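Since the structure comes first, as structure tokens, the remarks are kept for the end.
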Amino acid sequence: MKNMKWLLFAALLLFPFVTSEAQVAPQVTVSWSGAVVPTPSALTYKVERAMAQAGPFTQIGQPAASPLLDTNVTRGTTYFYRVRSSCPATAQGCGTNAQGQVVSGDSAFSTTVSATPPILVTTPGVPTNVQAVAQ
Amino acid sequence: MKKWRWLFALNLFYWVCVPVIVAQQQPRIMVTWDPPIDGAMPVDGYRVYRGITPGNTNIQLIGMTTEEFIVDSSVLPATRYYYAISALKDVEESAKSSEATAMTAGGQGCNR
């Protein structure tokens, strides 16, 4: 029990530093509104990224829900993202809709959005109005 | 009468030359500046550079401070000095400021 107290104390000490470091690392959060399907548990989203609006796009993840955190980014570089929902290409797919059709396969892509992790200003500016007076 | 002349000369030296010499013994230059108006803020401090010829290539680091002024007392009489300041933030240093110049008094009258 005594050791647990020290562990908690150490964790509290470390916490601010961990948070600070996380803020320095560049990242892009890609989020979207979920699609509506009969069986949501089978649904995933294919997230693609490109360095230009027109592509080429590469899939960077396939999460089951929004958002996707892209940490493989560089400050000052613009990235383009698009998302589409995906149901398994099976007989079950994402379930059967009201018309009795199995919902399966990929949707069309979303509109493309862009993000640029900001460049951090770390260099100080130059002092101004320097004056020297002999005394 | 000769004795009085010596006393007069000594008195003249004391009242005219001694104040001049004392005033010239400690020439100083006060350098002031304003903080940067852009870049990373707030700055951690400043580096002060000094030279005896104009141009940033001929100046040397003479000290660091967290204030926005220094009083440079390690100067010689009748000498012109050039100062430039840079700002510090973490391990980064700004470019040097434009130079300011001042010339110390001295080298005249009784001290010559």
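A short reminder: the numbers here are calculations on the coordinates, not readings from a lab. Keep in mind the model is a prediction, meaning the values are calculated, not measured. Every residue, glycine as well, gets a Cβ built from its backbone with ideal geometry; the counts of neighbours run over all protein chains shown.
Observations on the structure shown:
- Sorting B:GLU67, B:GLU93, B:GLU99 from the fewest to the most surrounding beta carbons within 10 angstrom yields B:GLU67, B:GLU93, B:GLU99.
- Cβ-based exposure ranking for A:SER104, A:SER33, A:SER66, in which fewest neighbours within 10 Å come first: A:SER33, A:SER66, A:SER104
- Here the simple spin-label model places points 7 Å from the Cα toward Cβ, and for A:ALA52 and A:SER114 these points are separated by 1.2 nm.
- Spin-label model, B:ASP90/A:ALA89: points 7 Å from Cα along the beta carbon direction are separated by 4.7 nm.
- By the beta-carbon count within 10 Å of each Cβ, the least crowded to most crowded order of B:PHE69, A:PHE57, fewest first, is B:PHE69, A:PHE57.
- Peptide B:76-85 shows a mean partner chain C-beta count of 2 within 10 Å per residue C-beta.
- Overall Cα dimensions of region A:73-135, principal axis frame, Å, largest first: 94, 18, 14
- Spin-label model distance (nm) - A:THR71 vs B:ALA78, 7 Å beyond Cα toward Cβ: 6.9
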